[in-house]
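The values are calculated or read from the model by the stated rules, or taken from the named source; none is laboratory data. Fair warning: this is a prediction, and the values are worked out from it, not measured in the lab. So basically every Cβ, Gly included, is an ideal-geometry build from the backbone, and we count neighbours across all protein chains shown.
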Amino acid sequence: GRGRLPFIAGNWKMNLDHLQAVAFVQKLHWTLKDAKHEEGSVEVGVFPPFTDLRTVQTLIDADKIPFALGAQDLSQHDGGAYTGEVSGAFLKKLDCTYVIIGHSERRQYHAESDEIVADKVKAALRHGLVPVICVGETAEDLERFGASAVPVGQLQAALDGLSAGADVVVAYEPVWAIGSGQAATPEQAQEVCAKLRGVVAEKLGADAAARTRILYGGSVKAANIAAFMRQPDVDGALVGGASLVVDEFAAIIRYQK
Ligand code: PEP
């Protein structure tokens, strides 16, 4: 809504090795070309596993494929004795524009606290990456506190101490909607996204709030994307499962048609 460039982001999670990634990105690109999709009307982002990033970067650079590249996580540290971790500096060298931070699967399976998420957001910004900050309530949170209290608190923690005007993307992803086939209603997504925009205003200022893209995520499909995009505070989608199916993801990108 409201002059912000829509952003359709595909979170591949732990799917597609680097060879499968090449085939997938080429096929998606040609599917959009064949459909005469107007480049520039929507920003398309792909978020492959770390081991694919170099290959996908080379492909989109060589073939001038208009997709932004992002990683699914980064270390809060800049370098050093952190076995298995990947620094924001390395991601920047691979022309990553974005990095997902605080996905619910990281919070759940890797015990990422609000504090770690906040440190990772600072690390991303330090290296010139735009963090895609994920927040959202579990089914239990929803029952106990309603939809917005937990995501609002998570976003306040993630943005705490940043300079005014910092460049971020926010993804509202109700945990109960992720991979469940049960998306939030567009009205609920709008209500929470509007509150999240209020948090951005409070933490980063009114200009940043007007400019910041807030995405909805959780069982987004070609059949429901348009209803989310009609909401004034929903500026795009973070897509998991459907981002791995070329025709489905292409149809999501072409949601206006
Ligand atoms: C996600 O994990 O970010 C997500 C939104 O997954 P899905 O689209 O599969 O619900």
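Go over the candidates Arg126, Arg197 one by one and state the one that is under 30 Å from Ala89 (Cβ atoms) and either at pLDDT below 95 or charged (D, E, K, R) (or both).
Result: Arg126 is the single residue among Arg126, Arg197 that is under 30 Å from Ala89 (Cβ atoms) and either at pLDDT below 95 or charged (D, E, K, R) (or both).
Could you list all residues from region 165-192 that are under 14 Å from the mean Cα position of the chain (by Cα) and either more than 14 Å from the ligand (Cβ to nearest atom) or hydroxyl-bearing (Ser, Thr, Tyr) (or both)?
Across region 165-192, the qualifying residues are Asp167, Val168, Tyr172.
With a cut-off of at least 2 residues that are touching a Gly at 6+ places or on another chain (Cβ under 9 Å), name the helices (runs of 4 or more DSSP H) lying wholly within region 136-206.
Filter on region 136-206 gives 149-159, 186-204.
Residue pairs, Cβ under 7 Å, 6 or more apart or interchain, first in region 229-246 and under 17 Å from Glu191 (Cα atoms), second aromatic (Phe, Trp, Tyr). List them.
That search, which allows pairs on different chains as well, returns Met229/Tyr255; Val234/Tyr216; Val234/Phe228; Asp235/Phe7; Gly236/Phe7; Ala237/Tyr216; Ala237/Phe228.
Any idea which residue in region 138-169 is surrounded by the fewest Cβ atoms within 10 Å (Cβ to Cβ), counting only those that are β-branched (Val, Ile, Thr) and out of contact with any Asp or Glu (no Cβ under 9 Å at 6 or more places or on another chain)?
Thr138
Restricting to region 207-232, count the residues that are among the hydrophobic types (A, V, I, L, M, F, W, C), assigned to a loop (DSSP other than H, G, I, E, B) and within 18 Å of the chain's Cα centre (by Cα).
2
So in region 87-96, with the set limited to residues that are touching a residue at least 40 places away in the same chain (Cβ under 8 Å) and buried (at least 18 other Cβ atoms within 10 Å of the Cβ), which one is farthest from Ala118 (Cα to Cα)?
Cys96
Can you name the residue in region 237-256 that is surrounded by fewer than 19 Cβ atoms within 10 Å (Cβ to Cβ) and outside any helix (DSSP H, G or I) and is also nearest to the ligand (Cβ to nearest atom) among such residues?
Per the criteria, the residue is Val245.
Residue by residue, here is whether (1) aliphatic (A, V, I, L, M); (2) at positive phi holds:
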| site | (1), (2) |
| --- | --- |
| Gly181 | no, yes |
| Ala184 | yes, no |
| Gln188 | no, no |
| Lys203 | no, no |
| Arg211 | no, no |
| Lys221 | no, no |
| Ala227 | yes, no |
| Ala250 | yes, no |
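Look through Ala118, Ala111, Ala81 and report the one residue that is over 21 Å from Val46 (Cβ atoms), of a type in the set (A, V, I, L, M, F, W, C) and surrounded by 13 or more Cβ atoms within 10 Å (Cβ to Cβ).
Being over 21 Å from Val46 (Cβ atoms), of a type in the set (A, V, I, L, M, F, W, C) and surrounded by 13 or more Cβ atoms within 10 Å (Cβ to Cβ) holds for just one of Ala118, Ala111, Ala81, which is Ala118.
Starting from region 135-158, keep only residues that are more than 28 Å from Lys122 (Cα to Cα), then list their pairs with residues that are of a type in the set (Phe, Trp, Tyr) whose Cβ atoms are within a distance under 8 Å, requiring at least 6 positions of separation or different chains.
Pairs that qualify, where the first residue is more than 28 Å from Lys122 (Cα to Cα) and the partner is of a type in the set (Phe, Trp, Tyr), are Ala139/Trp176; Leu142/Trp176.
With the requirement that a residue be surrounded by 20 or more Cβ atoms within 10 Å (Cβ to Cβ) and either within 8 Å of the ligand (Cβ to nearest atom) or basic (Lys, Arg) (or both), what does region 220-236 give you?
Within region 220-236, Val220 is the sole residue that qualifies.
Looking at (1) over 16 Å from Ile133 (Cβ atoms); (2) part of a loop (DSSP other than H, G, I, E, B); (3) within 16 Å of the ligand (Cβ to nearest atom), which is the one condition that is false for Glu112?
All conditions are met except number (1).
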